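Notes follow the structure.
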Amino acid sequence: MILVTGATGTVGRELVRVLAARGERVRAITRDPGKAGRFPDGVETVRADFTDPASLLDAAKGVTAVFMLSAPGPWIPRHDEAVLAAAREAGVAKAVKLSAIGTGAKTNGQDWHLPGERALESGGLAWTILRPSSFASNTLAWAEAIRAGVPVPNPMGDGAQGVIDPADIAEVSVLALTASGHDGVTYTLTGPEAISTPDMAETLGRVLGRRIETVALTSDDYRARLTAAGLDPGFVRTAVDGARLVASGGNAVVTGDVERVLGRPARTFADWATAHRAAFDV
Ligand SMILES: NC(=O)c1ccc[n+]([C@@H]2O[C@H](COP(=O)([O-])OP(=O)(O)OC[C@H]3O[C@@H](n4cnc5c(N)ncnc54)[C@H](OP(=O)(O)O)[C@@H]3O)[C@@H](O)[C@H]2O)c1
């Protein structure tokens, strides 16, 4: 039995789908099964919350491997700790943690994934750590601006990133959870090319058949927007610092880890845009 936390999210839902299609037994966690939407037939859906240790322990009973994913924010270390404690108590053999590129290199004291990575490495379970780059699906946030025909705000300038298709992250996760040869390994998962926000706008525009412009957003304006949207101050600080890092070229990283694990090249941003064009509803 494989326990998937974050099962309703970007990577988790795709991971559940692929695991179920391969005939694996899957238990999917959500805080609210009523709102979780449909999982494939045979998938067990259980209510659990990272802030409720008893619910996590129940969910971990009879499980062989756990996929650890939490929503981005300063709470990630606490959530990781809670999942690992339940996994240890339930005798789970293996954990795969969805972390983030750049973990361990941050100097601003906001390395959300580092405590969980360290706990995993010394936690007594077999482990694999996945550090993905920026998700291609982040561009879904552009849909409103594209539909309205206004430029997409860009706080990252011309900074390039190894933007990755979440479906590739899910496929690597499947192998890390079910195949041998991945224990004790940290993978940095990127797409096959380093591309900037204007590059992505141009590619998406080609796929959608319309011109998509971007407009530069200063750090102060970006901070003001995120704060006005009611986001956690710790989240806002990290997002603004992250955008600055990207703009300065600090995340222009491309690795071959996806191809090494999957035996085929990582999908491009153009592949992702083509597969998801309907989500932009233009
Ligand atoms: N987006 C990127 O470019 C990027 C890049 C690198 C790494 N990452 C990492 O990827 C991870 C996923 O980010 P995402 O934005 O794509 O989020 P997501 O996976 O789409 O959504 C977060 C998931 O966490 C679950 N969750 C949240 N709080 C919970 C709680 N208290 N108890 C149980 N489950 C809870 C939610 O489940 P329910 O709502 O169903 O309960 C949901 O399934 C983050 O750790 C982020 O740091 C993201």
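The values are calculated or read from the model by the stated rules, or taken from the named source; none is laboratory data. Quantities reported herein were computed from a predicted structural model and do not represent experimental measurements. Backbone-built Cβ (ideal geometry, glycine too); neighbour counts: all protein chains shown. Quick note on the areas: whole protein, heavy atoms, side chains included, nothing else; ligands and nucleic acids left out. Shrake-Rupley method; radii C 1.70, N 1.55, O 1.52, S 1.80 Å.
What length, rounded to one decimal in nm, is gained on full extension from E144 through to R38, with 0.36 nm per residue of separation minus their alpha-carbon distance?
The span from E144 to R38 would gain 35.6 nm if fully extended.
With label points built 7 Å along Cα→Cβ from the Cα atoms of V282 and D232, find their separation and express it in nm.
3.3
When a/c is below 1.5 the answer is rounded, else prolate if a/b is larger than b/c, else oblate, so apply that to region 2-132 with a ≥ b ≥ c taken from the square roots of the Cα gyration tensor eigenvalues.
prolate
Taking θ = phi - 60°, what integer Hz values does the Karplus form 6.51 cos²θ - 1.76 cosθ + 1.60 yield along region 230-243, in sequence order, with x for Gly and Pro?
Per-residue couplings from phi come out as x, 6, 4, x, x, 5, 4, 4, 5, 5, 5, 4, x, 5 Hz.
How much FRET efficiency would the formula 1/(1 + (r/R0)^6) give for T64 and R260, where r is the Cβ-Cβ distance and R0 is 25 Å, rounded to 0.05?
0.55
Quick check: convex hull over the Cα atoms of region 81-137, volume per residue in Å³, rounded to an integer?
That works out to 97 Å³ per residue.
Between A270 and D52, with labels modelled 7 Å along Cα→Cβ, what's the label distance in nm to one decimal, could you check?
A separation of 4.8 nm, rounded to one decimal place.
Quickly work out the A93-to-S122 label distance, labels modelled 7 Å from Cα along the C-beta direction, and quote it in nm with one decimal.
If labels sit at S122 and A93, their model points lie 2.6 nm apart.
From the gyration tensor of the Cα coordinates in the chain, what semi-axes in whole Å does the equivalent ellipsoid have, largest first, with each one equal to sqrt(5λ)?
Semi-axes from the Cα gyration tensor: 31, 21, 19 Å.
Any idea what diffusion coefficient region 113-166 gets from Stokes-Einstein, in µm²/s, Kirkwood Rh on alpha carbon pairs, 4 °C, 1.567 mPa s?
Answer, rounded: 90 µm²/s.
Tell me, what is the Rg over Rh of region 178-229, with Rh the Kirkwood radius over Cα pairs?
Taking Rh as the inverse mean 1/r over Cα pairs, Rg/Rh reads 1.21.
With the other protein chains left in place, how much accessible area per residue, in square angstrom, belongs to region 156-282 at a 1.4 angstrom probe?
So region 156-282 comes to 48 Å² accessible per residue, rounded to a whole number.
Report the gain in length on full extension from E213 to A21: 0.36 nm times residue separation, minus Cα-Cα distance, nm rounded to one decimal.
Here the segment from E213 to A21 would lengthen by 65.2 nm.
Quick one: with all protein chains in place, what share of the accessible area of the chain is carbon or sulfur, to the nearest percent (1.4 Å probe)?
51
Which whole-Hz ³J(HN,Hα) couplings does region 117-131 yield from phi under the Karplus relation 6.51 cos²θ - 1.76 cosθ + 1.60, θ = phi - 60°, glycine and proline marked x?
4, 5, 4, 5, 5, 10, x, x, 9, 5, 8, 9, 10, 10, 10
Averaged per residue, what accessible surface does region 2-132 expose to a 1.4 Å probe, in Å²?
I get 45 Å² per residue for region 2-132.
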